[in-house]
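Working notes, structure below.
The values are calculated or read from the model by the stated rules, or taken from the named source; none is laboratory data. Everything numeric in this text was worked out from a predicted model, so none of it was measured. Glycine also receives a Cβ, built like all others from the backbone with ideal geometry; neighbour counts cover every protein chain displayed.
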Amino acid sequence: MPDDLREPYTSTQVAIVGGGGGVGASTAFNLLLRDEPYDVALIDRRPEMAVSHEMDLQQVVAQGASGSVRVGGLEDLAGAGIVVVTAAAPLTLNTSRMVYLDDNVRILREVTGALAAAPDWPGVLLVVTNPVDVLVTWAVGHTEIPRERVAGYTLNDSLRLRTALGEELGVAGHRVDAWMIGEHGDAAVALLERVRVDGVPISVGASQRAAALDWVRDWYARHVALDSGRSSTWTSGRGVARMVAALAHGDDEPWPASVVLEGEYGIDGVALSVPVTLGPGGVRAIHEWVLTAGEDAGLRRAAALVGAAAGELSAA
Ligand SMILES: NC(=O)c1ccc[n+]([C@@H]2O[C@H](COP(=O)([O-])OP(=O)(O)OC[C@H]3O[C@@H](n4cnc5c(N)ncnc54)[C@H](O)[C@@H]3O)[C@@H](O)[C@H]2O)c1
């Protein structure tokens, strides 16, 4: 083939375990819409759902999408450059993502068990399933995969803060840069001293902070109370696909991701959401931003909560 007809990117193999579910299918759809190609394998305990999405998404490809989509099995994980885990127990009415821990760690154990059959697997494990910080902690503690190649998806908290601050400040959410770190849950820490609009640092007033924080902290409870049986599939599918692209091809943007800390922020052996840079091979750098005393205390509270849950799993 002449060089000028070649694709600029080599296709990336992405296996989505849970690909028959909401976030998994949305991730596949968003990957197929990207310019750079991804060969996506959908793996699910409900094969009829995986086949249904495959039959549907093939016509997304036929409309000019890059890459490919097919149904796969756990035997595909060893050949994947990126394994996305969205597989989960059915969503229920609850007040904390922690209620899913026992069921979902069993599912993650199946995934890591399949990867253990491929020693020195060079890929990246991207965990979306909740409670994400505890599951990332467990995965690094119970597998041979190095910590830089296991990351948890936690962008949604920061996206919600951007939406809420945008509303308060009267600007579109995409113009706001604002971060939540710590636990993906009630112990999340909002970095309100580091808010930017169009890249320019701004000071957020007390009442605007309070209103934005109320809205963000209440978001999960309001959504779960709908008892819709679904999670934030559109946001997460778009966000996970962008994160897969950053992992596959590298970018210089800081990303929030749950990673096991080894002394960063004074925390050891627990995964929390922190700013990172991503690229082939996983987490290329963990950025230690200067925190206020309150933010630092919040991060420690989050570490204690995630550490205690992970400890109970190890003891079980
Ligand atoms: N980290 C985040 O920000 C974030 C955002 C949204 C959702 N989530 C989490 O992602 C998970 C998935 O959410 P969803 O809305 O897609 O749920 P869903 O119920 O629509 O999909 C879950 C899928 O997993 C499949 N599954 C269950 N056990 C399996 C197994 N052992 N092997 C293969 N597949 C299996 C189910 O059949 C189902 O299709 C949940 O834990 C949810 O809380 C996390």
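Pull up region 1-56, narrow it to residues that are among the basic types (Lys, Arg) and at pLDDT 95 or above, then point me to the one that is nearest to residue 75 (Cα to Cα).
The residue in question is 45.
So residue 208 passes all but one of these: (1) within 16 Å of the ligand (Cβ to nearest atom); (2) at pLDDT 95 or above. Which condition number does it fail?
All conditions pass for residue 208, except number (1).
If you take the residues of region 100-112 that are closer than 17 Å to residue 15 by Cα and not basic (Lys, Arg), which of them is farthest from the ligand (Cβ to nearest atom)?
112
Is it the case that residue 81 is within 19 Å of residue 244 (Cα to Cα), in contact with a Pro (Cβ under 6 Å, 6 or more places away or on another chain) and either of a type outside the set (S, T, N, Q) or surrounded by 21 or more Cβ atoms within 10 Å (Cβ to Cβ) (or both)?
No, not satisfied.
Go through region 217-245 and report how many residues are touching a strand residue (DSSP E or B) at 6+ places or on another chain (Cβ under 6 Å) and surrounded by fewer than 22 Cβ atoms within 10 Å (Cβ to Cβ).
0
Would you check which residues across region 120-156 are charged (D, E, K, R) and either farther than 20 Å from residue 186 by Cβ or assigned by TED's automatic domain parsing to the domain that holds residue 308 (or both) and list them?
120, 144, 147, 148, 149
Of (1) part of a loop (DSSP other than H, G, I, E, B); (2) in contact with an Asp or Glu (Cβ under 8 Å, 6 or more places away or on another chain), residue 217 satisfies all except one. Which?
(1)
In region 189-216, which residues are more than 24 Å from residue 290 (Cβ to Cβ) and surrounded by 14 or more Cβ atoms within 10 Å (Cβ to Cβ)?
211, 215
Which numbered condition in (1) touching a strand residue (DSSP E or B) at 6+ places or on another chain (Cβ under 9 Å); (2) assigned to a loop (DSSP other than H, G, I, E, B) is the only one that residue 248 fails?
(2)
Could you list, in sequence order, the residues of region 113-158 that are more than 12 Å from the ligand (Cβ to nearest atom) and among the polar types (S, T, N, Q)?
Listed by number, the residues that qualify are 137, 143.
Filter region 174-183 for residues that are without any contact (Cβ under 8 Å) to a residue 60 or more places away in the chain and touching a strand residue (DSSP E or B) at 6+ places or on another chain (Cβ under 9 Å); which is farthest from residue 300 (Cα to Cα)?
Among them, the one singled out is 175.
On the given criteria, is residue 278 within 13 Å of residue 152 (Cα to Cα), of a type in the set (A, V, I, L, M) and part of a strand (DSSP E or B)?
Taking the combined requirement at face value, the residue satisfies it.
When you scan region 11-99 for strands (runs of 3 or more DSSP E) that lie fully inside it, which ones turn up with 2 or more residues that are within 13 Å of the ligand (Cβ to nearest atom), on the phi < 0 side of the Ramachandran plot and in contact (Cβ under 8 Å) with a residue 12 or more places away in the chain?
12-17, 38-43, 82-85
Answer yes or no as to whether residue 186 is in contact (Cβ under 8 Å) with a residue 12 or more places away in the chain and surrounded by fewer than 18 Cβ atoms within 10 Å (Cβ to Cβ).
yes
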